[in-house]
Amino acid sequence: MNTREPPATTLKEVSWADKSYLIVDDFVGVRQLLRESLRNLGARNIDQASSGGEAMNLLGRIRYDVVLCDYNLGEGKNGQQVLEEARQRNLLNPSSVWMMVSAEKSTESVMGAAEHQPDAYLIKPITEGVLLTRLNRVWHKKQVFRPIDQAYGEKDYLRAARLCDEEIARGAQKEGGNVHRIELLRMKARLMEKSGQPIKAREAYDEVLAEREYQWARTGLAKIRMANGELEQARQLFQGVIAENRHYIDAYDQLALAYQQMGQLEEACSVLERAARLSPNSVPRQRHFGQVCLKLGNVGMAEKAFRKCIAIGEYSYLKTADAYLGLARVCGMKNEPKEALLLLGHAQREFPTDDVRLRVKITEGMVYHETGDYRRARKSGDELEEMLALSPQRPDTATCMEMATLLFVVGVKEAPVELLCYVIRNNHDSLLLQDEVQRIFDKARMGEEGVELIRASKKEAADLMNQGVLLWKTGKLDEAIAWMRTARATLPNNLRILFNAAQILVSAMQQNGYQIMLADEAIEVLLHVDRIHPGQQRFAQLMEQLALLAPDGTLPPADDAPAD
């Protein structure tokens, strides 16, 4: 962390006796040494785990104040994977301290752990004095950020940003200034981005950069430019950050995304290859690398990335079916259907959900088609049609488009048309997606028909939404709420319908008083929005309105939301 820290001697003494601790290390001798060091500081409540799995069991039952976790834990999860799962599952309090402990000094290991943001990274051997100094510093910082983190956990981003401002103002009155000012500005900038307010985020980053050149602030400005469509300016900023600090891994990931949005897949692939060499143990990065290589038709690099992703993801909470499906596609391109089918079977056993079962069947059809087994490819298409007929729900946008592409290829027409119209109705404001759908129609030799289908689907979605808004505007709140429930069931991923549904629920409570059932429904709708379209200004505004309506002024924690 590059921010200025106060000397340990200036910090208020912390009582370590009433805190709860977890020591995670696969060597009993190290656990005993750390336990004795903590006991000498006055600690009494100390638990121990000898493996990542044992640590996760304890973290799932107990909220620890301090976790000391070794990086290398032998067979099973390593310390990085324990930390990432604890963060993803929200098993840590906002004030909890996580200290990664390791004898490992390699760049690969340190960067891998640092990507998941432990509060400190300690290199063995650790003296009692070093442990006390780092604990003191980190603990005091966590207490400053505790109410901010709490509001963040509730997804009340605007309240969290105000708390940042209040803490900055409070610190300015202290003798010696506010030692956490830069970190508070960093948090405020992130909150403004999540609130859909890039101008205020940019102001916070500029305030930081006026004092010192922090690469994370430069990267933050570049992300804002990228989100605003200023792709070339963003690319230059990301490249500048990398030139200044070739180990700043987030800049590589963002630069690759910028290149992808510019349609320059070769450049994106090259950047991801460099990033994967620097920090190879990131499951999402290897997955992304493989997917870009697959789009380019670079079968060798895609295979290497997907195999690495599967290997490092074996014990990771971030493991998904994507690497197995991607590698199966690679095997299809290499005319190796036997291994492809084994991978698909493994994916279905590992991830036994309806969504994955559907994606496995799509990939199976593509593998058969790529290896020239058109009879089996058509059979997979027929089975997909049956699966669609049996389920009233439709999958996510990307899966719908993949399925439509396969069904057209194997000679089916009606089902893929329905899927693509469903995609348009759920995204009737997205010109980019409409263009992608039109390209699929064009490949299926349905160009003119596709234009008309897209137009009609957009109108259908707009009419459905407008009727609910009209009922609301004419004061028929109960009817408007009922109508929007039907609209949400029909088009569960239409952003404007979701936002209007939440707004009508909020309006009903503003007029008639807070009702827990309506509040819960509004929160459920908004959390769904944040999962499928994060960073929306209207999301932050509606969450704040809900918090103001709540009797205690706060919302329940968003336990189903992944950590940032």
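The values are calculated or read from the model by the stated rules, or taken from the named source; none is laboratory data. Keep in mind that what you see is a predicted model, and the values were worked out from it rather than measured. When we count neighbours, we look across all protein chains shown, and the Cβ atoms used for this are built from the backbone with ideal geometry, even at glycine.
Just a few scattered comments:
- The set of residues from segment 330-356 being in contact with a Phe, Trp or Tyr (Cβ under 9 Å, 6 or more places away or on another chain) and of a type in the set (D, E, K, R) comprises just one member, Glu350.
- Residue tally, condition part of a loop (DSSP other than H, G, I, E, B) and crowded, with 20+ Cβ neighbours inside 10 Å, over segment 491-537: 3
- Cβ pairs under 7 Å, 6+ apart, first in segment 437-453 and farther than 19 Å from Ala398 by Cβ, second β-branched (Val, Ile, Thr): Leu453/Val417
- Residue check for Ala201: under 20 Å from the mean Cα position of the chain (by Cα), part of a helix (DSSP H, G or I), without any contact (Cβ under 8 Å) to a residue 24 or more places away in the chain and more than 25 Å from Asp520 (Cα to Cα): yes
- Of the criteria (1) among the charged types (D, E, K, R); (2) modelled with pLDDT under 90; (3) surrounded by 18 or more Cβ atoms within 10 Å (Cβ to Cβ), which one Asp47 fails: (2)
- Among the residues making up segment 33-71, those that are farther than 15 Å from Ile126 by Cβ and in contact with a Gly (Cβ under 7 Å, 6 or more places away or on another chain) are Ser51, Gly52, Gly53.
- Test: residue in segment 373-382 that is assigned to a loop (DSSP other than H, G, I, E, B), over 30 Å from Leu495 (Cβ atoms) and in contact (Cβ under 8 Å) with a residue 40 or more places away in the chain: no
- The single condition among (1) assigned to a helix (DSSP H, G or I); (2) in contact with an Asp or Glu (Cβ under 9 Å, 6 or more places away or on another chain); (3) more than 25 Å from Ser282 (Cα to Cα) that Tyr368 does not meet is (2).
- Exactly one residue out of Val367, Val409 is β-branched (Val, Ile, Thr) and touching a His at 6+ places or on another chain (Cβ under 9 Å), and it is Val409.
- Unique residue being surrounded by 22 or more Cβ atoms within 10 Å (Cβ to Cβ), of a type in the set (A, V, I, L, M, F, W, C) and within 27 Å of Asn281 (Cα to Cα) when the list is Val28, Val67: Val67
- Helices (runs of 4 or more DSSP H) within segment 271-364 that include 2 or more residues among the aliphatic types (A, V, I, L, M), over 20 Å from the mean Cα position of the chain (by Cα) and more than 22 Å from Asp396 (Cα to Cα): 299-312, 322-333, 337-350
- Yes/no for Ile424 being under 25 Å from the mean Cα position of the chain (by Cα), within 30 Å of Met517 (Cα to Cα) and surrounded by 21 or more Cβ atoms within 10 Å (Cβ to Cβ): no
- Residue among Gly52, Gly42 that alone is more than 13 Å from Leu22 (Cβ to Cβ), at pLDDT 90 or above and not acidic (Asp, Glu): Gly42
- The one condition in (1) modelled with pLDDT under 95; (2) surrounded by fewer than 23 Cβ atoms within 10 Å (Cβ to Cβ); (3) on the phi < 0 side of the Ramachandran plot that Leu257 fails to fulfil: (1)
- A Cβ distance below 9 Å, combined with a sequence gap of six or more or placement on separate chains, defines the contacts here; from segment 528-547, residues that are closer than 16 Å to Thr397 by Cα reach residues that are crowded, with 18+ Cβ neighbours inside 10 Å and of a type in the set (S, T, N, Q) in the pairs His528/Asn493; Val529/Gln536; Asp530/Gln536; Ile532/Thr397; Ile532/Asn493; His533/Asn493.
- First in segment 14-37 and in contact (Cβ under 8 Å) with a residue 12 or more places away in the chain and in the same structural domain as Leu132 (by TED's automatic domain parsing), second anywhere and among the basic types (Lys, Arg) and part of a loop (DSSP other than H, G, I, E, B), Cβ under 6 Å, 6 or more apart: Ala17/Arg44
- Selection over segment 53-79 of residues that are over 22 Å from Ser95 (Cα atoms), small (Gly, Ala, Ser) and either under 25 Å from the mean Cα position of the chain (by Cα) or not assigned by TED's automatic domain parsing to the domain that holds Pro94 (or both) gives a count of 2.
- Screening Arg146 on (1) over 30 Å from Gly42 (Cα atoms); (2) among the charged types (D, E, K, R); (3) under 22 Å from the mean Cα position of the chain (by Cα) shows it passes everything except condition (1).
- Where Glu436 falls short, out of the listed (1) under 25 Å from the mean Cα position of the chain (by Cα); (2) over 30 Å from Glu386 (Cα atoms): (2)
- Every pair of residues 6+ apart whose Cβ atoms lie under 8 Å, when the first sits in segment 84-110 and is among the charged types (D, E, K, R) while the second is modelled with pLDDT of 80 or more and outside any loop (DSSP other than H, G, I, E, B): Glu85/Met56; Arg89/Gly60; Lys105/Ile123; Glu108/Leu278
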